[in-house]
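Presented below is the structure to which this report refers.
The values are calculated or read from the model by the stated rules, or taken from the named source; none is laboratory data. Keep in mind the model is a prediction, meaning the values are calculated, not measured. Ideal geometry is used to build each Cβ from the backbone, glycine not excepted, and the neighbour counts take in all protein chains shown. Side chains are part of the model used for accessible areas, which takes the heavy atoms of the whole protein and leaves out ligands, DNA and RNA. Shrake-Rupley method; radii C 1.70, N 1.55, O 1.52, S 1.80 Å.
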Amino acid sequence: MSQTRKTVFHDRHLKLEAKMTDFGGWDMPLQYPGGIVEEHLATRKGAGLFDISHMGRFSIRGKDALPFLQHVLTSNVAGLDAGLGQYTMLPNDDGGAVDDAYLYRFVEDEYLLVVNAANREKDWEHLESLRKDFPQATMTDRTEALAMLGLQGPRSREILLGVIESGNLPEPMRNSLNIATIAGSRVLVARTGYTGEPICFELFIEESAATRIWDLLMERGAVPVGLGARDTLRLEAGLPLFGHELGSDPEGKDIPIFAARFARIAVSFSLRKGDYVGRASLARQFEALKRILRHDYSLKDDLPRMIKCLELTDKGIARAGDKVFHDGEHLGYVTSGTMVPYWKSEADGITATLTEETGKRAIALALIDSSLGTDEEVQVEIRGKSVPAVIVPSFLRSEAPPYARAALHHPVGAAEKAAPGVEVHRKVSDLLDRAIDNTTWRQNECINLIPSEMTPSPMVRLLSIMDPVGRYAEHRQIKALDGAEVFFYQGTDFIADVEEQLNKELCAFLGCRHAESRVISGQMANTTVFSAMVDYLNLADRKREQRRIRKVLNNHIIKGGHLSAQPMGALRDFVAHDPVTERPAVVNFPMLEENPYVMDIAATRELIAEHRPELVILGKSLVLHREPVAEVRACVDEFDLDCVIMYDMAHVLGLIGPHFQQPFEEGADIVTGSTHKTYFGTQRGVIANDFDQEDLRYPLWAAIKRRAFPGAVSNHHLGTLLGLLMAAYEMNHFKDEYQRKVVANAKAFAKHLKDCGLDVAGSPDISYTETHQVLLRVGYAKGAEVARRLEENNIIVNFQATPEEEGFTASGSLRMGVSEMTRFGMEDADFGELAQLMHDVIVNSTDVKDKTAAFRKRFLEMQYCFSEKQFRERLEQLHALV
């Protein structure tokens, strides 16, 4: 009988009085004295420390490493760049799982495959049996030499940052990898884990340094967690465990890989991957799954049962092997089940916090008939008793870091009926009263620092509610009529002239030949350009399916990029999928390590040379610096690329000029933007370019016009179009003084905040900003709470995730803009007073609401607009018509 193995941390577990158990041939901690429930809850609110050194770790190297792994794993290994990991499966020929695993690529020339502890020897033999066809692939078992720890939970980031001596955490995205130095030793750090926590790390450590690092993490507040809580945590997250949700079912049959809830991310059918073990069987399962998701069960024989989440609705605890019934018919088995604890939440939305109150619920994963769907009621046979349960979508939600939150099932009841006899007069009065209160509060008592907002001038607002607000003026050029602009409605002469004059004013401001002003938002402007790009790229072939944009280079959203320029945003339907990575064909600009708000031009040049993009999208929503338009143009020209450079200037459109940037002079092909941020117009969008009619790309401009109408808009909101013309007159008249003052005020505001002892982000070399924006760090994941406290004190900001943070719910900063308050007359010294008020709220939790309201009373008159006195007679006539 083989001797039970021990990990390098075994003595630590004994000193902590852990209850030990045999698991996969290893002597492992089942639980510590506090118990499984305490460890589970500690992970969800703090940081759990897991000894996972019992898992198998295989190093794969050599010329044949990639083709070998492509053949024996289900994932597309060709899409795994250095610095990334991926979930994968070891399939058998019938589409079942030999094991599930994680594949890491910390460095270019080595892959690290982590397999389940109980399957290590079996997996090794399976892989070795297949490696004979790949003689230049070498495989080394590093299980003994390389210790492995999991650090999971909302505090794990803070704890790791406190022990890293050099290097950085991986990028704040799941499956990112990096290499750091801890306790003088090289440590491989991965953003992966088996708990469902959004903040999660797994560490690979040379055995000689492992216990020192364990001790450091414990000293920083990590809580040791045993196998018991590891199982309840993974079950609550709905993650499969081999031998339960993968492998063989209670009847001895292979569980199809696609029965597992996370199989879809682990299996690839990329043409670049080619044939591999079990591909044909998996393809049949996948086709069945696609139909089942559409409630078509014609191929159900290929996927008869699937893993579903069950929540028990009566007393009882389901265990693996318990039978599941529906309407008296046996339709499957529980694969895992237990009672799990959870933290209750207080309040709703972004500021919701975990309380000190806990609850418990009985949950299970079950392999049951594929036709059963969410909210269907089933029965679980527990010790001869039938216990009701309901199929639920999930037990845990992890998309709002830093916390994972319990997803509690609440039956949907009938909609509450309105009480009879409610007077419409009361509802109307209530709406009017609330509108008056809100406008008074925002315009007379609050300091607005949201950088994407602007109060229009009184004349702009008044014109926006004139007669055109309810009218249509669809129009387009008709070639048969010598290119004349034809309107499809009568009574449009006035608005036609307004639009023509507006486009002229926009061109004068932007320094270009063409402007399209019918789009009604910056998002729509970008969507229109992307659609036009696809149209333009397919001009020569209208008979086949349009191809998408082959490769796009842009700013990632976590680095401050615009949402609309992301594959999750407006770009989604217009960018191709990379056949190697199987992800949208988007490459992100690299940023300087010493300043994550500035593009690394040298690295960008290399990316442009490698990927040869068809579209480069510059521009950010978090923007402290000028965008390097000229430098990117030089790179594109150097490599003679047929590439369009687009600059989304949504936030900085109103700063175009010598005080900031002149995009067309610097080399941009297309500029898009919002007309209501630093540009002080109505809420609309604009697209502009400077193509000459002889330019080979002029057809792109024609495509943009087509995709604006009839592609993007029908009614293009004529009221705000009229208001925007007045704003364009204001902007062109006052822009020089306004732009100079905005940039000066932003720099002054940053300095005052810094002088108050607050943590201003950015480079002091440029006084922290070159734009209207200032970024203030207030503490990891505290952004939303601090923003709410400031709002309660009449200071309106928005919380912002920085490049080091995992998303907006983990925001640790405030993004602020000075443009609106500059228009209301605030100067350098005034921003100093405001900085002190903010300090009092943020640092001292002082109530300054009344002080802020009194402060705002000094800044009620709009600047940088035409005097109402000068046009009093005409304004009185307009007011009389409202």
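Share of pairwise Cα-Cα distances greater than 54 Å in the chain is 22 percent (whole percent). Computed about the Cα centre, the dipole magnitude for segment 763-882 is approximately 340 debye when only Lys and Arg (+1) and Asp and Glu (-1) carry charge, each at its Cβ.
Let me check I've understood the local charge: for Arg174, count other residues with C-beta under 12 angstrom from its C-beta, Lys and Arg +1, Asp and Glu -1. What total comes out? Don't skip to the answer; put the middle values down first.
Numbers: positive: Arg191; negative: Glu171, Glu197, Glu202, Glu399, Glu806.
Neighbour charge sum, excluding Arg174 itself: -4.
Taking the charge dipole of the chain about its Cα centre, with +1 at Lys and Arg Cβ atoms and -1 at Asp and Glu Cβ atoms, the residue from Ala525, Gly681, Leu30 reaching farthest to the positive side is Leu30.
For segment 332-483, take the alpha-carbon Rg, divide it by the Kirkwood Rh, and send me Rg/Rh. Walk me through the numbers before you get to the answer.
On the way: Rg = 27.5 Å, Rh = 23.1 Å.
With Rh from the inverse mean 1/r over Cα pairs, Rg/Rh is 1.19.
What a 1.4 Å probe finds exposed on the chain is 49% carbon and sulfur by accessible area, rounded to a whole percent.
Normalised by 2.2 N^0.38 Å, where N is the number of residues, the C-alpha radius of gyration of segment 351-411 stands at 1.39.
With both partners inside the chain, how many of the DSSP beta bridges are antiparallel, as a percent to the nearest 5? Working shown, then result.
Details: 116 of 137 bridges.
So the antiparallel bridges in the chain amount to around 85 percent.
Listed by chain and number, the lysines whose C-alpha is less than 16 Å from the C-alpha of Lys315, apart from same-chain residues fewer than 8 away, are Lys360, Lys385.
Test of understanding: what is the full-extension gain from Ala283 to Glu791, defined as 0.36 nm times their sequence separation minus their Cα-Cα distance?
Numbers: separation 508, 0.36 × 508 = 182.88 nm, distance 5.36 nm.
Between Ala283 and Glu791, full extension yields 177.5 nm more.
Here segment 311-389 is described by how far its Cα atoms reach on the three principal axes: 45, 26, 18 Å, from widest to narrowest. The percentage of C-alpha pairs in segment 199-325 whose separation is greater than 18 Å is 68%.
From the gyration tensor of the Cα coordinates in segment 256-312, what semi-axes in whole Å does the equivalent ellipsoid have, largest first, with each one equal to sqrt(5λ)? The partial results should precede the final answer.
Numbers: eigenvalues 95, 38, 18 Å².
Whole-Å semi-axes of the equivalent ellipsoid: 22, 14, 9.
Annotation: peptides 372-385, 767-780, ranked by per-residue average of other Cβ atoms within 10 Å with the highest first, follow the order 767-780, 372-385.
Here the sum of -39500 (n - 2.57) over DSSP H runs of 4 or more residues, divided by the residues of the chain, equals -9000 deg cm²/dmol at 222 nm, to the nearest 500.
Using 19 Å as the Cα-Cα cut-off, could you pick out the over-long pairs in Lys253/Lys300; Lys754/Lys857; Lys6/Lys45; Lys735/Lys857; Lys323/Lys344; Lys741/Lys869?
Numbers: Lys253/Lys300 16 Å; Lys754/Lys857 26 Å; Lys6/Lys45 29 Å; Lys735/Lys857 25 Å; Lys323/Lys344 31 Å; Lys741/Lys869 24 Å.
Table pairs above 19 Å Cα-Cα are Lys754/Lys857; Lys6/Lys45; Lys735/Lys857; Lys323/Lys344; Lys741/Lys869.
Looking at Gln739, Ala712, Ala728, which one has the Cα that reaches farthest to the positive end of the dipole of segment 704-790 (charges on Cβ: Lys, Arg +1; Asp, Glu -1)? So the residue we want is Ala712. Sparsely packed loop sites in segment 473-543 (the trypsin sites (Lys or Arg not before Pro) outside DSSP H, G, I, E and B with at most 13 other Cβ atoms within 10 Å) comprise Arg542, Lys543.
How big is the dipole moment of segment 557-618 about its Cα centre under a simple scheme where the beta carbon of each Lys and Arg is +1, that of each Asp and Glu is -1, and everything else is neutral? Debye, nearest 20, please.
My answer is approximately 180 debye.
Fully extending the segment from Asp482 to Lys63 would add 144.5 nm, taking 0.36 nm per residue of separation and subtracting the current Cα-Cα distance. Full extension of the segment from Met568 to Arg544, taken as 0.36 nm per residue of separation minus the current Cα-Cα distance, would add 6.0 nm.
Note on His879 and Thr313: their simple-model spin labels are 6.2 nm apart, each label 7 Å out from Cα toward Cβ.
Pairs of C-alpha atoms in segment 22-171 farther apart than 21 Å represent 53 percent of all such pairs. When both segment 765-836 and segment 467-516 are represented by their alpha-carbon centers, they are found 39 Å apart. The GluC sites (Glu not before Pro) found in segment 95-128 that occupy coil by DSSP, while having at most 15 further C-beta atoms within 10 Å, are Glu108. With the simple model of a label 7 Å out from the Cα in the direction of the Cβ, Arg264 to Arg740 spans 5.8 nm. For segment 94-182, the convex hull spanned by the alpha carbon atoms encloses 152 Å³ per residue. The calculated pair-distance distribution of segment 494-540 uses every alpha carbon pair, bins of 5 angstrom beginning at 0, and gives 5, 19, 18, 22, 20, 11, 5, 1 percent. Here, segment 12-60 has an Rg and a Dmax of 12.6, 40 Å when only alpha carbons are counted. Loop-resident GluC sites (Glu not before Pro) (DSSP state other than H, G, I, E or B) in segment 199-285 with no more than 14 further Cβ atoms inside 10 Å of their Cβ: Glu251. With the highest mean first, a sort of the peptides 529-537, 609-617, 480-488 on other beta-carbon atoms found within 10 angstrom per residue produces 529-537, 609-617, 480-488. Over segment 575-728, Cα pairs under 8 Å with separation of 6+ residues give a relative contact order of 14 percent.
Values of log10 I(q)/I(0) for segment 571-641 across q = 0.19, 0.21 Å⁻¹ run -0.87, -1.03, by the Debye formula with one identical scatterer at each alpha carbon and no solvent.
How large is the charge dipole for segment 682-790, taken about the Cα centre, if only the Cβ atoms of Lys, Arg (+1) and Asp, Glu (-1) carry charge, to the nearest 20 debye?
Details: 15 positive and 12 negative charges, 109 e Å.
Dipole about the Cα centre, nearest 20: 520 debye.
For the chain, the relative contact order works out to 10 percent when only alpha carbon pairs closer than 8 Å and six or more residues apart are counted. What the Cα atoms of segment 147-227 give is an Rg and a Dmax of 11.3, 31 Å.
A P(r) calculated from all alpha carbon pairs of segment 44-129, with 10 Å bins opening at zero, reads 16, 49, 27, 7, 1 percent. Accessible surface calculations at 1.4 Å, restricted to protein heavy atoms, place the chain at 43 Å² per residue.
Below 8 Å between Cα atoms, with a sequence gap of 6+, how large is the relative contact order for segment 352-410 in percent?
Details: 43 pairs, mean separation 12.0, N = 59.
Once normalised by length, the contact order is 20 percent.
To the nearest µm²/s, what D does Stokes-Einstein give for segment 741-882 at 25 °C and 0.890 mPa s, using the Kirkwood radius over alpha carbon pairs as Rh?
Numbers: Rh = 16.4 Å.
Answer from the Stokes-Einstein relation: 150 µm²/s.
Considering all different alpha carbon pairs of segment 498-620, the Kirkwood hydrodynamic radius works out to 16.2 Å.
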